[in-house]
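Here is the structure we will look at, set down as structure tokens.
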Amino acid sequence: MWAGVFVIALAGIAGLSALDAAETLGGAGFLKLRSSDPGGSERPAQEPIAPLTGLLIVLDPGHGGDDRGVCHFESDLIEKEINLDLALRLQEQLEKAGARVLLTRADDTFVSLDERARIANDAEAHLFLSLHVNRIPGHPDCFGAQTFYFPGSEEGERLAQLLQEELIKIDPENYRSPLPGNYRVLRLTTMPGALVEIGFMTSARDRELIATTVYRDQVAMAITQGVIRFFTESPSPPRR
Ligand SMILES: [Zn+2]
């Protein structure tokens, strides 16, 4: 369904009829006109455009520095390291999809929650995604990636729902639904946002997944797909 939405959006941008735009798309990808190119007659009229072009996304790898987050030392799993590794993988996927990406931390340093929100607000990002690993002591059977949105944020909830749907495709046994979460980084940021817990450190099942680069790449691709759906399925926030 969203391909159809995109065709109409493309038609609007390029001044084409929806039919022209559909023919231009040809099922091969996304295209745009270079209408501002004065030498356009000698150059191809269209070039590929990625679905997240014009969007700035802030990724927030949770914890860092002295704040290690949740750990499972026997498995050599430390949350702050997992979050950063995932953020870098996600950055790559989002950039491939055309987005600009800003990280609240790109190395093992401590950044306060207020500073993380300030980075996103100052950059006037279109989207904020905080990345974490979950824990629930005493409940080793609890498993599965889980998304959170700020209570009352309609756009945040829509984003979290789409991300959850895509994450469940990786792990169909994951029965979790998005939940409201009064997290400070979501409360202080002014753009739509979500917090993604990619699994439970307290679950042996999840630890096995989280430890692998295969799972982390799958999560990065699932989140990217959710973000693409967020911006291409109606209603879509404005771009710059
Ligand atoms: Zn965390």
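How many residues does the stretch 46-64 contain that are touching a helix residue (DSSP H, G or I) at 6+ places or on another chain (Cβ under 8 Å) and either among the aliphatic types (A, V, I, L, M) or part of a loop (DSSP other than H, G, I, E, B) (or both)? Spell out how you get there, then give the answer.
From the stretch 46-64, those touching a helix residue (DSSP H, G or I) at 6+ places or on another chain (Cβ under 8 Å) are 46, 50-52, 55, 57-64; that's our starting set.
From what is left, the residues that are either among the aliphatic types (A, V, I, L, M) or part of a loop (DSSP other than H, G, I, E, B) (or both) are 50-52, 55, 57-59, 62-63.
So the count comes out to 9.
Put simply, of Val214, Val185 the only residue that is assigned to a helix (DSSP H, G or I), of a type in the set (A, V, I, L, M) and surrounded by fewer than 16 Cβ atoms within 10 Å (Cβ to Cβ) is Val214. Only one of the listed residues (Lys96, Lys80) is in contact with an Asp or Glu (Cβ under 8 Å, 6 or more places away or on another chain) and either more than 15 Å from the ligand (Cβ to nearest atom) or in the same structural domain as Glu154 (by TED's automatic domain parsing) (or both). That residue is Lys80.
Restricting to the stretch 44-71, and then to whatever is away from the ligand (no atom under 13 Å from the Cβ) and over 16 Å from the mean Cα position of the chain (by Cα), can you tell me which residue is nearest to Thr104 (Cα to Cα)? Steps first, answer last, please.
Kept after step one, since they are away from the ligand (no atom under 13 Å from the Cβ), are these residues of the stretch 44-71: 44-59, 65-66.
Applying the additional criterion that residues be over 16 Å from the mean Cα position of the chain (by Cα) yields 44-49, 65-66.
Values: Pro44: 38, Ala45: 38, Gln46: 35, Glu47: 32, Pro48: 30, Ile49: 27, Gly65: 13, Asp66: 16 Å.
The qualifying residue nearest to Thr104 (Cα to Cα) is Gly65.
Considering Pro180, Pro151, Pro172, which residue is in contact with an Asp or Glu (Cβ under 8 Å, 6 or more places away or on another chain) and either surrounded by 20 or more Cβ atoms within 10 Å (Cβ to Cβ) or over 16 Å from Val58 (Cα atoms) (or both)?
On inspection, the qualifying residue turns out to be Pro180.
Answer yes or no: is there a residue in the stretch 106-122 that is within 19 Å of Arg207 (Cβ to Cβ), within 16 Å of the ligand (Cβ to nearest atom) and assigned to a loop (DSSP other than H, G, I, E, B). No, because not a single residue in the stretch 106-122 is within 19 Å of Arg207 (Cβ to Cβ), within 16 Å of the ligand (Cβ to nearest atom) and assigned to a loop (DSSP other than H, G, I, E, B).
Which residue is surrounded by the fewest Cβ atoms within 10 Å (Cβ to Cβ), if the candidates are limited to the stretch 154-169 and must be of a type in the set (Asp, Glu) and under 12 Å from Gly193 (Cα atoms)? Steps first, answer last, please.
Narrowing the stretch 154-169 to residues of a type in the set (Asp, Glu): 154-155, 157, 165-166.
Restricting the remaining residues to those that are under 12 Å from Gly193 (Cα atoms) gives 154-155, 157.
Numbers: Glu154: 10, Glu155: 17, Glu157: 20.
Per the stated criteria, the residue is Glu154.
Just one of the listed residues (Arg43, Arg118) is modelled with pLDDT of 95 or more and more than 24 Å from Glu233 (Cβ to Cβ), namely Arg118.
The values are calculated or read from the model by the stated rules, or taken from the named source; none is laboratory data. Fair warning: this is a prediction, and the values are worked out from it, not measured in the lab. Here Cβ is always computed from backbone atoms with ideal geometry, including for glycine, and neighbour counts include all displayed protein chains.
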